[in-house]
Amino acid sequence: MKWGEYKHYMQKEIFEQPQALGNTLEMLGGAGTIQAGLFGADAAGVFEQVDSVLILACGTSSYAGMVARYWIEAIAGVPCNVEIASEYRYRKSVARESQLVVAISQSGETADTIAALQYAKSSGHRYTLAICNVPESSIVREAALRFITRAGPEIGVASTKAFTTQLSTLFLLALVLAKGRGVLSGEDEVAFLDETRHLPVAVEKVLALEPAIRELAQQFGNKHHALFLGRGRHYPIALEGALKLKEISYIHAEAYPAGELKHGPLALVDVEMPVVVVAPNDELLEKLKANMEEVRARGGELYVFADGDSKVTSVPGIQVLKMPEHYGVLSPVLHVVALQLLAYHVALVKGTDVDKPRNLAKSVTVE
Ligand code: G6P
């Protein structure tokens, strides 16, 4: 598709993701090793001192943090917490000198994230890192270390390319922390870096699903609610998918870790409730299938985003969209792109103002 053919900034920005990822990952070069210096000249020394991570962010950026938590704990074995900045800034918490505070923000000007970072520093945190898309922003100035994502300007209020570039950066952070702790084998380092560098190509293939996703979106036009399910590192992707849908199509959407279905959301399921399932072919797929059965048994319509090699097929009541590649730990980066496209095309069906959804701002610079 050519630039002039995009209808909205959001669509353009969704399609810019291969480029945005490529630009962000450029600093990696082609080497089979990763260096802490990507995060700033002093990063190696700082990362040696830290024993845990605290991520602070708002909105979509906080969901990037939630995915990162799965990576940082599983790959680096470093405890990681994620807190919504607006909550963290107003509660008494226990500062740990040895904890790395990571503020994630597209704009670098979100009032709550700035205040949370300042609060962390004033309450005794020494080590701070900003992951941000705007180099001269307040959050970057406030933090000691930095990684500037190179998503380019994001105009659409609903964040898309900023999110996937944040994810790729956070994955690199997990690798650097793992390496610093001696828990990343040389073989894994090479393999993970290869997979990371392949992301732009992999995302390109997901973008090619747009016509199929546009088809699917037609079925959401008369819906008032939707439920998104995911498990493990794809639970935050379900959250992000639901957020995208509510932000731009105004359909009320909620996301749940699929294992929680029985603890409440199952009561909402009926024929009027589309249930979107993020279903990569990972260690939790069999569990997820059981959750899908629970939904189907209540008449819920399932829209399943599966991997090419997941043994899930379309039958009445279950529509399966196969992702082009099975992508292991980095799969959240691909699955979210499909959900961005879904939200975008549902919004087109609804006729909403995609780039400027009612009541929302691109950058929330006041409380
Ligand atoms: C607003 C935007 C969201 C964004 C959030 C955090 O709510 O509409 O798209 O995720 O702010 O913004 P930040 O710039 O800090 O990532």
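Restricting attention to region 202-223, report how many residues are aliphatic (A, V, I, L, M) and more than 18 Å from the chain's Cα centre (by Cα). Write out each step before concluding.
In the first step, residues of region 202-223 are kept if they are aliphatic (A, V, I, L, M); the result is 202-203, 206-209, 212-213, 216-217.
The next check asks that each one be more than 18 Å from the chain's Cα centre (by Cα); those that pass are 208-209, 212-213, 216-217.
Of the residues in region 202-223, 6 are aliphatic (A, V, I, L, M) and more than 18 Å from the chain's Cα centre (by Cα).
Could you grab me the full set of residues in region 301-324 that are surrounded by fewer than 20 Cβ atoms within 10 Å (Cβ to Cβ) and within 20 Å of T160 (Cβ to Cβ)?
Of everything in region 301-324, those that are surrounded by fewer than 20 Cβ atoms within 10 Å (Cβ to Cβ) and within 20 Å of T160 (Cβ to Cβ) turn out to be L321, P324.
Quick check on region 122-140: of everything there that is touching a strand residue (DSSP E or B) at 6+ places or on another chain (Cβ under 7 Å) and over 15 Å from A57 (Cα atoms), which residue is surrounded by the most Cβ atoms within 10 Å (Cβ to Cβ)?
Y127
Those residues that are within 16 Å of the ligand (Cβ to nearest atom) and either among the small types (G, A, S) or assigned to a helix (DSSP H, G or I) (or both), I need them from region 13-63; list them, please.
Passing the criteria: E13, I14, Q17, A20, T24, A57, G59, T60, S61, S62, Y63.
Which residue pairs have Cβ atoms closer than 7 Å, lie 6 or more positions apart in sequence or on different chains, and pair a first residue in region 194-215 that is surrounded by 17 or more Cβ atoms within 10 Å (Cβ to Cβ) with a second residue that is among the hydroxyl-bearing types (S, T, Y) and not in a helix (DSSP H, G or I)?
A202/Y327
What pairs can you find where one residue is in region 166-178 and over 10 Å from W71 (Cα atoms), the other is in a helix (DSSP H, G or I) and among the hydroxyl-bearing types (S, T, Y), and their Cβ atoms are less than 6 Å apart, with a gap of 6+ or different chains?
S168/T24
Please determine, by comparing only the residues of region 9-47 that are under 13 Å from A151 (Cα atoms) and among the acidic types (D, E), which one is surrounded by the most Cβ atoms within 10 Å (Cβ to Cβ).
Once the filter is applied, the top-ranked residue is E13.
Can you list residue pairs whose Cβ atoms sit under 7 Å apart, with the first residue in region 38-65 being closer than 18 Å to E247 by Cβ and the second being among the acidic types (D, E) and within 16 Å of the ligand (Cβ to nearest atom)? Count only pairs 6 or more apart in sequence or on different chains.
Note: pairs meeting the criteria are C58/D112; T60/E240; Y63/E240.
When you go through V276, V304, V295, V271 one by one, which is the residue that is more than 23 Å from E195 (Cβ to Cβ), among the hydrophobic types (A, V, I, L, M, F, W, C), more than 17 Å from the chain's Cα centre (by Cα) and in a strand (DSSP E or B)?
Values: V276 fails: more than 17 Å from the chain's Cα centre (by Cα); V295 fails: in a strand (DSSP E or B); V271 fails: in a strand (DSSP E or B).
Within the list V276, V304, V295, V271, the selection yields V304.
Of the residues I155, I148, which is more than 8 Å from the ligand (Cβ to nearest atom), of a type in the set (V, I, T), touching a Cys at 6+ places or on another chain (Cβ under 7 Å) and at negative phi?
I148
Assess whether K262 counts as being on the phi < 0 side of the Ramachandran plot, without any contact (Cβ under 8 Å) to a residue 12 or more places away in the chain and either in contact with a helix residue (DSSP H, G or I) (Cβ under 9 Å, 6 or more places away or on another chain) or of a type in the set (S, T, N, Q) (or both). Lay out the reasoning, then the answer.
Numbers: on the phi < 0 side of the Ramachandran plot: yes; without any contact (Cβ under 8 Å) to a residue 12 or more places away in the chain: no; either in contact with a helix residue (DSSP H, G or I) (Cβ under 9 Å, 6 or more places away or on another chain) or of a type in the set (S, T, N, Q) (or both): yes.
For K262, the condition - on the phi < 0 side of the Ramachandran plot, without any contact (Cβ under 8 Å) to a residue 12 or more places away in the chain and either in contact with a helix residue (DSSP H, G or I) (Cβ under 9 Å, 6 or more places away or on another chain) or of a type in the set (S, T, N, Q) (or both) - is not met.
How many of the residues in region 100-131 are more than 14 Å from the ligand (Cβ to nearest atom) and under 20 Å from L38 (Cβ atoms)? Full working, then the answer.
Applying the first criterion (more than 14 Å from the ligand (Cβ to nearest atom)) to region 100-131 yields 100-101, 118-129.
This time we only want the ones that are under 20 Å from L38 (Cβ atoms), so: 100-101, 127-129.
Number of matching residues: 5.
Would you kindly identify the helices (runs of 4 or more DSSP H) lying entirely within region 104-190 that contain at least 2 residues that are modelled with pLDDT of 95 or more and closer than 17 Å to N23 by Cα?
161-180
Rundown of residues vs (1) of a type in the set (D, E); (2) crowded, with 23+ Cβ neighbours inside 10 Å; (3) in a helix (DSSP H, G or I), yes/no style:
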| residue | (1), (2), (3) |
| --- | --- |
| L330 | no, no, yes |
| V333 | no, yes, yes |
| V337 | no, yes, yes |
| L342 | no, yes, yes |
| A347 | no, yes, yes |
| K356 | no, no, no |
| V366 | no, no, no |
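Do you know which residues across region 81-99 are in contact with a strand residue (DSSP E or B) (Cβ under 7 Å, 6 or more places away or on another chain) and within 11 Å of the ligand (Cβ to nearest atom)?
A85
Scan region 308-328 for residues that are in a strand (DSSP E or B) and closer than 17 Å to E286 by Cβ and report the count.
Residues meeting the conditions: 2.
Return the residues of region 64-80 that are within 14 Å of the ligand (Cβ to nearest atom) and of a type in the set (S, T, Y); say none if nothing qualifies.
none
So which of D282, D270, D307 is among the charged types (D, E, K, R) and touching a residue at least 40 places away in the same chain (Cβ under 8 Å)? Working first, answer last.
Working: D270 fails: touching a residue at least 40 places away in the same chain (Cβ under 8 Å); D307 fails: touching a residue at least 40 places away in the same chain (Cβ under 8 Å).
Only one candidate passes the filter, namely D282.
The values are calculated or read from the model by the stated rules, or taken from the named source; none is laboratory data. Computed from a prediction, not measured in an experiment: that's the story for all the values here. Quick reminder, even Gly has a Cβ in these numbers, built from the backbone with ideal geometry, and neighbours come from all protein chains shown.
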